[in-house]
């Protein structure tokens, strides 16, 4: 687990163009983590600990289905982010996140991040706008999978 300097955070596409002040704020709660192939970053139903920024590797966002096991919803790669449940009560994860290959991520701790978004509306706005884009991508991926399921029938 390695702390992440503000300059490195600012290089990630999800956080590009944030002010140096906001990047310093986020750096205080950021750390770099590594996951091996097949390792879970997080599990559905568990506590939502934060926002994951993928630096290298790929993460499969999956739903667990009782009859088939994990069902991939979307694959997230370098420069993308995963994890939004830290923002929405009850702060429980809604998906599994599994490394498809050796993967490095920056994890920004969700609890102080929520507090910072509430106390600094400008930071909250910038992050929320980026998160909505991420959620829109997840929704589109789910829509395409549903269409594919109906085509196969």
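Rule-based calculations on the coordinates, nothing more; no lab input. All values reported here derive from a predicted model rather than from experimental measurement. As a convention, Cβ positions derive from the backbone with ideal geometry for all residues, glycine included, and neighbour counts pool all protein chains shown.
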- Task: Would you mind calculating the relative contact order of region 32-153 from Cα pairs under 8 angstrom and at least 6 residues apart, reporting the percent as a whole number?
- Result: 33
- Task: Please say if region 2-152 is rounded, prolate or oblate, where rounded means a/c under 1.5 for a ≥ b ≥ c the square roots of the C-alpha gyration tensor eigenvalues, and otherwise the choice is prolate for a/b larger than b/c and oblate otherwise?
- Result: prolate
- What order do you get for 148, 96 when you list them from fewest to most C-beta neighbours inside 10 Å? 148, 96
- Using only helices, what value at 222 nm comes out for the chain when you add -39,500 (n - 2.57) per DSSP H run of length 4 or more and divide by the total residues, to the nearest 500 deg cm²/dmol? -12000 deg cm²/dmol
- For region 1-58, the Kirkwood Rh over every pair of distinct alpha carbons, in Å, works out to 12.7
- With R₀ set to 22 angstrom, the calculated FRET efficiency between the beta-carbons of residue 132 and residue 28, to the nearest 0.05, is 0.35
- Note on the structure: Neighbour-count ranking for 143, 138 (other C-beta within 10 angstrom, fewest to most) reads 143, 138
- Mind sorting 2, 103 by how few other Cβ atoms lie within 10 Å of their own Cβ, fewest first? 2, 103
- Using a Gaussian network model of the chain with C-alpha springs under 10 Å, which one of 72, 47, 89 is most mobile by mean-square fluctuation? 89
- Roughly how many Å is it from the Cα centre of region 14-53 to that of region 71-124, as a whole number? 6
- Message: Would any residue of region 7-40 have its amide N under 16 Å from a label point 7 Å out along Cα→Cβ of residue 75? List them or say none.
- Response: 37-39
- Rough spin-label spacing in nm, given labels placed 7 Å along Cα→Cβ, for residue 140 and residue 2: 3.3
